[in-house]
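The values are calculated or read from the model by the stated rules, or taken from the named source; none is laboratory data. Model, not experiment: these values are computed from the prediction. Using ideal geometry, Cβ is built from the backbone for each residue, glycine included, and neighbour counts are taken over all protein chains shown.
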Amino acid sequence: MEVVLFIVELAIVLAAIIVGARMGGLGLGIMGGVGLLILVFIFHAAPASPPIDVMLIIAAVVTAAGSLQATGGMDLLVHWAEKALRKNPSRITYVAPIVTYFFTFFAGTGHVAYAVLPVIAEVATDAGVRPERPMSISTVSSQLAITAGPISAAMVSMVSIMGDYNISMAQIMLVCVPSTFIASMIGAWTVRKRGVELKDDPEYQRRVREGIISISADTQKDFVPTPAAKTSVIIFLIGVLAVVIFGSASFLRPAFPNSSGVVTPMGMPMTIEIVMLTVAAVVVIAGIAQNKDKDTVDKIVKGSVWQAGMTAVIAIFGIAWMSNTMVDANEDLIVNGLSGVAQAAPWSFAIVLFFMSVLMYSQAATTQTMMPVGLMIGISPSMLVGMFPAVNGLFFIPNYPTVVAAMQFDRTGTTGIRGNNILNHSFQLPGTVAVVASVVIGIVLSQIIIH
């Protein structure tokens, strides 16, 4: 009976996730609420604690990133990225994922890729490079960086979970930064010659012939940064550096007595929230002073970065809360069922992480829900750190916002779904290769770095 009940509850959770994903936008969050209602009111599962820290971290980080966008700092970063891409057009398949990787790494959210993807598509087309190649791996690379960046919600969730095992942010980054970056380059290598050359692509030829797109030599536009643009970038990067320092050296954080009277350093979630809200405030003040723009605050909430980030907050609110409730209600069954598999082949838990991220639509929600499960069934913390990049399965079904954006920004039509099979798309090969490579490299590094 217990097994049947678990299967029914799991089916409810999966149904809510699938329906929410099809709805898009806030759909995931609100359908998570529906699933939670069924679990609590009908199956009498005790509700888990909502993922408040993850939500507040995302809110603080996207507010800081939104202030960067509102004051012109994001435009300046895109301008620098465009210059780098145009200097190496023939190598754009390798340069573009580096650009998107570091955008996400420093911003803490993959949604900043929206600003760079149109530039990648344009530069590739102008250079005669099939845009599918850099567009596909750049989108995947922007996702992989989530599990490497110091201010992403997924990273902070991982740091919070591993803090009880004396594993610091520095150790996690020493594993995940090289594993995800090298994997991105491996993914780029796999698509460097993918498909026919652009000039020979029939769909591209049709669009040129019908005047849907035009061939141009170089459409780079003059860029004039706002007075506060460079200042806001410097302030933001200082904030990111501060998070890395505080996350790596706990003795630098203020210490207070806990409920047991033991003096302990302030946790990283609060540290990031305080630092990033302060960054946002300083950037806004600089924007008002240097840009003479009193509407800077209004521009933050109207910007694409803030809106996408706050949509992610609601998604995690509903989905992670619902999933955690289901896991807590069936903890003994899950532990007993998976413990044997974990002991025989602990690496197989990476497959679970991957497909849960596909369903949960969020690296942070997957980390928050599944990493404690991995610990419960006996997988070592160091092994879980190595597997961390496996939560980057969001490309698998081509309906994630950055994936959809990449297909839309490629005016040549080379990036997209092939035929009627929804899983046969431009991102599948580089994404799968990159995630597998990052996990393999990550597990090796974790056994060396984390003792």
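The residue that is modelled with the lowest pLDDT, among those in the range 185-216 that are part of a loop (DSSP other than H, G, I, E, B) and of a type in the set (Ser, Thr, Tyr), is 216.
The residues of the range 333-347 that are under 30 Å from the mean Cα position of the chain (by Cα), in contact (Cβ under 8 Å) with a residue 40 or more places away in the chain and within 24 Å of residue 8 (Cβ to Cβ), listed by number, are 334, 335. For the range 122-160, residues that are among the β-branched types (Val, Ile, Thr), modelled with pLDDT of 90 or more and under 22 Å from the mean Cα position of the chain (by Cα) total 5. Scanning for something out of contact with any Ser or Thr (no Cβ under 9 Å at 6 or more places or on another chain), touching a residue at least 60 places away in the same chain (Cβ under 8 Å), of a type outside the set (D, E, K, R) and surrounded by fewer than 17 Cβ atoms within 10 Å (Cβ to Cβ), does the range 399-411 turn up at least one residue? Yes, the conditions are met somewhere in the range 399-411. Find all pairs meeting these conditions: Cβ atoms under 6 angstrom apart; at least six residues apart or on different chains; first residue within the range 107-121 and touching a residue at least 60 places away in the same chain (Cβ under 8 Å) and buried (at least 24 other Cβ atoms within 10 Å of the Cβ); second residue part of a helix (DSSP H, G or I) and among the aromatic types (Phe, Trp, Tyr). Close Cβ pairs (under 6 Å, with a partner that is part of a helix (DSSP H, G or I) and among the aromatic types (Phe, Trp, Tyr)) amount to 112/103; 117/409; 121/409. Any residue at all in the range 122-130 that's in a helix (DSSP H, G or I), within 25 Å of residue 154 (Cβ to Cβ) and touching a residue at least 24 places away in the same chain (Cβ under 8 Å)? No, because not a single residue in the range 122-130 is in a helix (DSSP H, G or I), within 25 Å of residue 154 (Cβ to Cβ) and touching a residue at least 24 places away in the same chain (Cβ under 8 Å). Residue count for the range 1-30 satisfying the condition of being over 30 Å from residue 277 (Cβ atoms) and modelled with pLDDT of 85 or more: 14. Which of the residues spanning the range 429-442 are surrounded by fewer than 21 Cβ atoms within 10 Å (Cβ to Cβ) and either over 17 Å from the mean Cα position of the chain (by Cα) or part of a strand (DSSP E or B) (or both)? Selection gives 429, 433, 440.
Here's the yes/no breakdown for (1) polar (S, T, N, Q); (2) surrounded by fewer than 20 Cβ atoms within 10 Å (Cβ to Cβ); (3) under 18 Å from residue 65 (Cα atoms); (4) modelled with pLDDT under 90:
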{"residue": "258", "(1), (2), (3), (4)": "yes, yes, no, yes"}
{"residue": "264", "(1), (2), (3), (4)": "yes, yes, no, yes"}
{"residue": "284", "(1), (2), (3), (4)": "no, no, yes, no"}
{"residue": "288", "(1), (2), (3), (4)": "no, yes, yes, no"}
{"residue": "293", "(1), (2), (3), (4)": "no, yes, yes, yes"}
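Quick one: in the range 76-104, of everything that is among the charged types (D, E, K, R) and at pLDDT below 90, which residue is nearest to residue 130 (Cα to Cα)? Checked the range 76-104; the qualifying residue nearest to residue 130 (Cα to Cα) is 86.
Just one of the listed residues (155, 169) is in contact with a helix residue (DSSP H, G or I) (Cβ under 6 Å, 6 or more places away or on another chain) and of a type outside the set (Val, Ile, Thr), namely 169. Against the criterion of being within 20 Å of the chain's Cα centre (by Cα) and without any contact (Cβ under 8 Å) to a residue 60 or more places away in the chain, residue 58 does not qualify. Among what's in the range 294-332 and is outside any helix (DSSP H, G or I) and in contact (Cβ under 8 Å) with a residue 60 or more places away in the chain, pick the residue that is farthest from residue 379 (Cα to Cα). Out of the qualifying residues, it is 303. One residue stands out among those in the range 37-55 that are touching a Pro at 6+ places or on another chain (Cβ under 9 Å) and under 10 Å from residue 322 (Cα atoms): the one that is surrounded by the most Cβ atoms within 10 Å (Cβ to Cβ), which is 39. Beta carbons closer than 9 Å, at least 6 apart along the sequence or on distinct chains, never pair a first residue in the range 31-43 that is free of Cβ contacts under 8 Å to residues at least 12 places away in the same chain and at positive phi with a second that is in a loop (DSSP other than H, G, I, E, B) and crowded, with 16+ Cβ neighbours inside 10 Å. If you go through the range 321-337 and keep only what is under 19 Å from residue 16 (Cβ atoms) and of a type outside the set (A, V, I, L, M), you end up with 321, 323, 324, 325, 328, 330.
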